1. With respect to the numbered conditions (1) in contact (Cβ under 8 Å) with a residue 40 or more places away in the chain; (2) under 23 Å from residue B:204 (Cβ atoms); (3) outside any helix (DSSP H, G or I), which one is the sole condition not fulfilled by residue B:101?
2. Filter the helices (runs of 4 or more DSSP H) completely within segment A:286-371 down to those with at least 2 residues that are not assigned by TED's automatic domain parsing to the domain that holds residue A:255.
3. Have a look at B:99, B:92 and point out the one that is touching a strand residue (DSSP E or B) at 6+ places or on another chain (Cβ under 7 Å) and under 29 Å from residue A:255 (Cβ atoms).
4. Given (1) within 11 Å of chain A (Cβ to nearest Cβ); (2) in contact with a helix residue (DSSP H, G or I) (Cβ under 8 Å, 6 or more places away or on another chain); (3) surrounded by fewer than 21 Cβ atoms within 10 Å (Cβ to Cβ), where does residue B:80 come up short, assuming only one miss?
5. Here are some residues: B:236, B:228. Which one is more than 14 Å from chain A (Cβ to nearest Cβ) and surrounded by 15 or more Cβ atoms within 10 Å (Cβ to Cβ)?
6. Of the numbered conditions (1) part of a loop (DSSP other than H, G, I, E, B); (2) under 23 Å from residue A:149 (Cα atoms); (3) away from chain B (no Cβ under 13 Å); (4) under 24 Å from the mean Cα position of the chain (by Cα), residue A:199 satisfies every one except a single condition; which is it?
7. Give the residues of segment A:253-271 that are in a strand (DSSP E or B) and either within 14 Å of another protein chain (Cβ to nearest Cβ) or modelled with pLDDT under 95 (or both), sorted by residue number.
8. From the residues in segment A:202-220 that are within 21 Å of residue A:451 (Cα to Cα), in contact (Cβ under 8 Å) with a residue 60 or more places away in the chain and in a loop (DSSP other than H, G, I, E, B), which one is farthest from the chain's Cα centre (by Cα)?
């Protein structure tokens, strides 16, 4: 049987493939046309050949289970690409660059003059309560004032089609390697669609990343030694660490491979003896990078690393302390930061966010708990959240108390109707919810991935896109609006 | 190159070679069993000491039957030297150094490991065994061929080659050591016994892929001293001890700070060159092989001390 879309119904949600039931969106027309001509077994066969390719290429992520310890799972992937017109992407791109520029100015300001507080735009008490503010970093001026060299911002599209920034990941955002591998696999699966669409290439990223990293080298040498610091093979993102190191031609190091010598420079242990390291792309959280300064029990880090960094002998990306802006209350201030530092209006809106620390906004939240999603400031992965419409009366009462007791720690947002994309379910296509994580690089120059990683919730109605919880991913295509 | 990476690559080289060697051993023994009369059949137990796994097998079974030995060597989870575990460790090592080895090599090893794991039950049947072992052997050879044709000749290549050649050298000494015991003790000079001995000598050659080369280059007849000469001293045969040690030496010579490991290699070479193989009786051959094996272990220690990452350095 040929593939039919007569049952395809996005309902109230914005669907990125269809305008309404059975009517393809302009950007997806050619792809849907191909599917309509295709036998449903053919589609299923292409999906399984992609899955086989993923197993053989060893594209995996590690999950921890109580039963088997650490296991390597194949990366879940849906072959139907998500298509975004270039005209729309251009706006997103400039909006993200603007956002990350403001975030870097903000972090640099917080660790130095703190003008934004003095000028009354950002409240001192938010800073005082911030878990990710590192007093050890006060007074430091990293090269070009950049702290968040790599930022992964999560975008979602609401029912009216508007793209919102949901959060900014400024600590150790991951996922970019899957974006690159998804493209490789899709090329094998839909060569005919590449001819029709000519999606913009994504493979500049490793080069851009390497260039950015060399630009923060403190030594002026022709080929600075750049290393990627990984917690090791059991980390969930180990595949990505190895992949990026390989693509950049950089050494993939673990903490035990490095040491700080008496000259406060960082060295790695090689077969030819100690060798100086100029730039560290660390994929380890602040807490673990230096047991002399942060967690004493960390065996993943390098004792003395902070001394070497402060002495200006090594570049670290992202800079220690950059996570201060990775906080849901701080997030609510990003539009204000953009206006304050850049004197511009935000190019991409924040999800409307009510800050419980302000009485007016708190009163609104408390009066509308059944409509809102309440989130704590410093948790991630959906921990400690309340989804109003789904919560019981008792849960709402509990959150009312929590908010009253510690208003600074809570924000609330309206529930969004996150967009859907056609996704393979068995032998047919059904709408599934997606988000988008582009990666923004900031060094001497700034660069951004073409599109980003689209994550998809594979279960019907689910909004959970995390790969550890049954989420999958898709290739993301930025395509020219005008086609031959 | 990072010390930790060098160590991982060295071990990956050893484990891949070990998996291939084990597969060869089982395969040749299967053929040997078919060629020998029941009463004097050498059985399967010799494969355990050849693989250097006496202790491990004791914990596994007290019955060196075909079934137990094969299961132990191919797919036992607890046997660190089983084919399955060798490929698993090789893969784990490759996984930690994925950024320095060719992507295609990683994929090849990954596929080979997945094959060995998914088809292990077929490998344990008499009917499926040969095909299974053939896939392991050809998979390992394809992997080596692929790496030989695409790898840059930097330290990664040399550590891989050192690992592979050292493992190969050890295996050659063990095959001769264990098999010769069986052949040399028997003083029965009857025709049946002689022809059986010949079959065993041939099986030694076959386990090392040496039979046809030996016949073409050395001797059509099977002759004990010329076989020993060939397997220990021949510089051109890739599985001879002399050749393996020379490959190791060449690669170690390309590394920085190599005097100490090189010195330990020369000790092995001197011993090897000075020994007149023709005069060796069973016990003196045994003692000679012991010395060579000790030399190999000393070389490994010197290599480790010089290049690998010790946590207390």
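1. Residue B:101 satisfies all of (1) in contact (Cβ under 8 Å) with a residue 40 or more places away in the chain; (2) under 23 Å from residue B:204 (Cβ atoms); (3) outside any helix (DSSP H, G or I) except (2).
2. Fully inside segment A:286-371 and qualifying: A:328-332, A:334-337, A:359-367.
3. B:99
4. (1)
5. B:228
6. With (1) part of a loop (DSSP other than H, G, I, E, B); (2) under 23 Å from residue A:149 (Cα atoms); (3) away from chain B (no Cβ under 13 Å); (4) under 24 Å from the mean Cα position of the chain (by Cα) applied to residue A:199, the lone miss is (2).
7. A:253, A:258, A:259, A:266, A:267, A:268, A:269, A:270
8. Only one residue fits best here, namely A:204.
The values are calculated or read from the model by the stated rules, or taken from the named source; none is laboratory data. Since this is a predicted model, take the numbers as computed values, not measurements. Here the Cβ is made from the backbone with ideal geometry for all residues, glycine too, and neighbour counts use every protein chain on show.
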